[in-house]
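One structure below.
The values are calculated or read from the model by the stated rules, or taken from the named source; none is laboratory data. This structure is a prediction, so every number in the text was calculated from the model and none was measured. All Cβ positions, even for glycine, are placed from backbone atoms using ideal geometry, and neighbour counts span all protein chains on display.
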Amino acid sequence: MIFGGGLIMPPPATTALQTSSPTPAPTLQPFAAITPKKNLKRFDSPEYGIQAFLWWKHDVARRDLDLIHDMGFKWVKHIFSWRDLEQIQKGHYDWYTADTIINLANRRGLKILARLDRQPFWAQDDGGAVKLDSAPPKNYSDFGDFCYVFANRYRGKIGAYQVWNEPNLAREWGNRPPNAAEYVRLLSYCYAGIKAADPDAIVISAGLAPTGTDLPEAVPDDRFVREMYAAGGAPYFDMIGVNAPGYFNPPERSPDDTEKDPQIKARWVTFRHVEDIRQIMVANGDADKQIAILEMGWTTDQVNPTYSWYAVTEQQQADYLVRAYQWAKQNWQPWIGLMSCIYIAEYSWSEKDEQYWYAITRPSFPEPDLRPAYHALKNMPK
């Protein structure tokens, strides 16, 4: 591939690993030359989604997808790890679990937001000598090829894609200083691959972590978005992805208010910090595009001191989530798209896990253990 909208070469021939369900290799066509342009793919404003963890136990997957369906939510966000699907070497794929999850969701009428990230170790700069949890690959074209093959296989079965997660944090960028221009370069390869395979799919940029921490550990999300635009990133996403935790603040609280508060002096600790990102989009000529909230929630963690300083009660969590959706519906139309909250709990989480406290269910099997937030969101008018 050539970065920047030039001629894009076809991906290499591929083979599939033999699993318990043999999978034929997809028939690949050369990428079309893609001229970057605005793509006004849109969600209804808003649409309702939640992230689930369905990979390891199919019985859990069936139960949790039923829970989401019963909530009246239409979207399920799921991580499809590049590492799990193309684990051994380039061009060798194992589709069995991904096929199962996608078919289970589609049978229930649920739409899928697929998060693509987490490099195979063979794709790292060092070939995997030091196994990093999340790092950009040595050759960005390898990721673009994966995005093409994945989108080609699931064309018409996956509605939207999130490309990477929180690249404004060093821990999600190979423990190196985050670099918005490099993320744009990675994004462009994946965008080209997805659009060549499935032009109707919505491509969303990575959800960014709101943070007051600066380099080398992180880049504040608003600055990272500005740097993405400065690097020429606008043609390579159909909408901007954001993460929107509310911290200890109710969802209606303005970032102007928290910035003036002498005890806080920050804008990023509010759900409505999303409005700051919207202003950056408008300033860069992207007012016609929507924002997708890829993570939103309030933690109830009263145990771990790293997180307990901004914890709320379970009843507040339920109340704030409903009010957040209501605020967006009343104040952010038409520019708010999908709003995906966190989480249906992964069955193996414990109280030591950060995610345990954000979830609207508690880890359990076979019977679900539902927190007040689940019932509140299920009963919320949509």
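Considering each residue of region 324-353, count those that are of a type outside the set (S, T, N, Q) and more than 23 Å from LEU113 (Cβ to Cβ), and give that number.
Going residue by residue through region 324-353, those that are of a type outside the set (S, T, N, Q) are 324-325, 327-329, 332, 334-339, 341-347, 349, 351-353.
Filter once more, so that each one left must be more than 23 Å from LEU113 (Cβ to Cβ): 351-352.
Residues meeting the conditions: 2.
Tally time: how many residues in region 129-148 are assigned to a helix (DSSP H, G or I) and either of a type in the set (D, E, K, R) or in contact with a Cys (Cβ under 7 Å, 6 or more places away or on another chain) (or both)? I'd like the intermediate steps shown before the answer.
Our first condition is that a residue be assigned to a helix (DSSP H, G or I); within region 129-148, this holds for 140-148.
Next, from what is left, pick out any that are either of a type in the set (D, E, K, R) or in contact with a Cys (Cβ under 7 Å, 6 or more places away or on another chain) (or both): 142-145, 147.
Of the residues in that region, 5 qualify.
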Quiz item: What number goes with the only condition from (1) in a helix (DSSP H, G or I); (2) out of contact with any strand residue (DSSP E or B) (no Cβ under 7 Å at 6 or more places or on another chain) that TYR325 does not pass?
Solution: (2)
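Just to verify a result, which residue in region 75-86, among those that are under 19 Å from TYR140 (Cβ atoms) and not in a helix (DSSP H, G or I), is farthest from the chain's Cα centre (by Cα)?
Selected residue: GLU86.
Are any residues in region 234-243 over 14 Å from LEU294 (Cβ atoms) and surrounded by fewer than 24 Cβ atoms within 10 Å (Cβ to Cβ), and if so, which ones? Walk me through it before giving the result.
Narrowing region 234-243 to residues over 14 Å from LEU294 (Cβ atoms): 234-236.
ALA234, PRO235 - these are the residues of region 234-243 that are over 14 Å from LEU294 (Cβ atoms) and surrounded by fewer than 24 Cβ atoms within 10 Å (Cβ to Cβ).
Residues are listed down the side, and each one gets a yes or a no for (1) part of a loop (DSSP other than H, G, I, E, B); (2) farther than 30 Å from GLY233 by Cα; (3) of a type in the set (Lys, Arg); (4) modelled with pLDDT of 95 or more:
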{"residue": "GLU295", "(1), (2), (3), (4)": "no, no, no, yes"}
{"residue": "THR306", "(1), (2), (3), (4)": "no, yes, no, no"}
{"residue": "SER340", "(1), (2), (3), (4)": "no, no, no, yes"}
{"residue": "GLU346", "(1), (2), (3), (4)": "yes, yes, no, yes"}
{"residue": "TYR356", "(1), (2), (3), (4)": "no, yes, no, yes"}
{"residue": "PRO366", "(1), (2), (3), (4)": "yes, yes, no, no"}
{"residue": "LYS378", "(1), (2), (3), (4)": "no, yes, yes, yes"}
Practice problem: Could you tell me which residue of region 151-197 is surrounded by the most Cβ atoms within 10 Å (Cβ to Cβ), considering only residues that are of a type in the set (D, E, K, R) and either touching a Gly at 6+ places or on another chain (Cβ under 6 Å) or free of Cβ contacts under 8 Å to residues at least 60 places away in the same chain (or both)? | Solution: GLU172
Practice problem: Working carefully through the options ARG171, ARG155, ARG185, find the one that is in contact with an Asp or Glu (Cβ under 6 Å, 6 or more places away or on another chain) and among the basic types (Lys, Arg). | Solution: ARG155
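Could you say whether any residue in region 324-332 is at pLDDT below 95, of a type in the set (Phe, Trp, Tyr) and closer than 24 Å to LYS74 by Cβ? Reasoning before the result, please.
First, the residues of region 324-332 that are at pLDDT below 95: none.
Scanning region 324-332, I find no residue that is at pLDDT below 95, of a type in the set (Phe, Trp, Tyr) and closer than 24 Å to LYS74 by Cβ, so the answer is no.
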Quiz prompt | Single condition GLY246 does not satisfy, out of (1) buried (at least 21 other Cβ atoms within 10 Å of the Cβ); (2) over 18 Å from ALA292 (Cα atoms) | solution = (2)
